[in-house]
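First comes the structure, then the notes that go with it.
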Amino acid sequence: MNKRMIALVGFLWITVSAIGQGKTTTAQYIETYASIAVREMDAYQIPASIKMAQGILESSSGNSPLARDAKNHFGIKCKKDWNGETYIQDDDEKNECFRKYETVLASYEDHSQFLKKGQRYASLFTLERNDYKGWAHGLKAAGYATNPQYAPLLIKTIEENRLYDLDKPGRAPEFKSPEKETPQPRQTLTQSPEKLPKPRSSGGTDLPDFELRRHGNYGIRERNGVEYVLAQRGDSYEQIAKELDMMGWQLPQYNEADKNRKLGEGEIVYLQPKRRKAQDESYTAKKTESLWDVSQFFAIKVSRLAKLNELGEDARLKPGQTIKLR
């Protein structure tokens, strides 16, 4: 069974956070986990809209310390029947015990079982699967959270992001959030990191591009707030996804590329959706490059670059041509 990965540690994360890097937006969170929520809905009859809304609220869209350090996206505490790893942090009381998971997918699965097996949530499973309002009020009434506004917050999150579409029969496997842009498959090979200039902020300083942590044989790095790895010799999107416990569709989608394209050694492979803008204002092409090359190097969506510069998404650049990045 495939799994999903997110974590961050220590001083490097503090450094990145301090300049506004590394935070996952709500749209990115939805794009990453919607398919898992739908799969869990099919298995446990919990509305995917509710699961996504709870994940967004409980984990601050994957940015809370509990989510990053313990991969716990639903704020589930240890309880007496928990035999796994634990994570201690202050909540309603000081030094409370929370469940810690190896993967985010494990957190999603445990959340499903937590609700399905909990007697106080039994009445929720008599509701229609698309009754997200009933589920929201039922979760609050059953004591899932102490916030008196928990049900209205869940409903607001669902409606603002159109998460109710996830509950519909025959929904697309790759959910389109209001902010999501449809990626166009690319065959163009990206430039190796050393062949393009190091991204710099508008103030002229280098953007953080150091190794944040290790996952198996890969060093997780970050560019423009988007995590990535460097492809190794003979790698494919499928192999990297398997190594990093990701879903098979994610890497081709995040990198706006064909799933079967051959990866070059040292090529950037993004683990999250690219951004809509960079910190720097522009980039001047030094040689013939494609718009996708620039997109891939600066972690900006091709469609956004094309719109900013009034170019076709398959455009090739001329030496000296200036490309707006924000």
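Each reported figure results from applying straightforward, stated rules to the coordinates on display, with no laboratory input. Computed from a prediction, not measured in an experiment: that's the story for all the values here. Using ideal geometry, Cβ is built from the backbone for each residue, glycine included, and neighbour counts are taken over all protein chains shown.
Among E58, E313, E85, which comes first, then next, by fewest other beta-carbon atoms within 10 Å?
Taking fewest neighbouring Cβ atoms as first place, the list is E85, E313, E58.
Can you give me the Cα centroid spacing of region 21-99 and region 308-323 in angstrom?
41
Using the number of other C-beta atoms within 10 angstrom as an exposure proxy, rank S107, S236 with the fewest first.
With the fewest neighbours first, S107, S236 line up as S236, S107.
Mind scanning K94/K140; K80/K140; K23/K318 and naming the pairs with a C-alpha gap bigger than 27 Å?
K23/K318
Sticking with the crude label model, points 7 Å out along Cα→Cβ, report the distance from L308 to D165 in nm, one decimal please.
2.5
So which trypsin sites (Lys or Arg not before Pro) in region 16-92 end up in coil per DSSP with only 13 or fewer other C-beta atoms within 10 Å?
Listed in order of number, the matching sites are K23, K79, K80.
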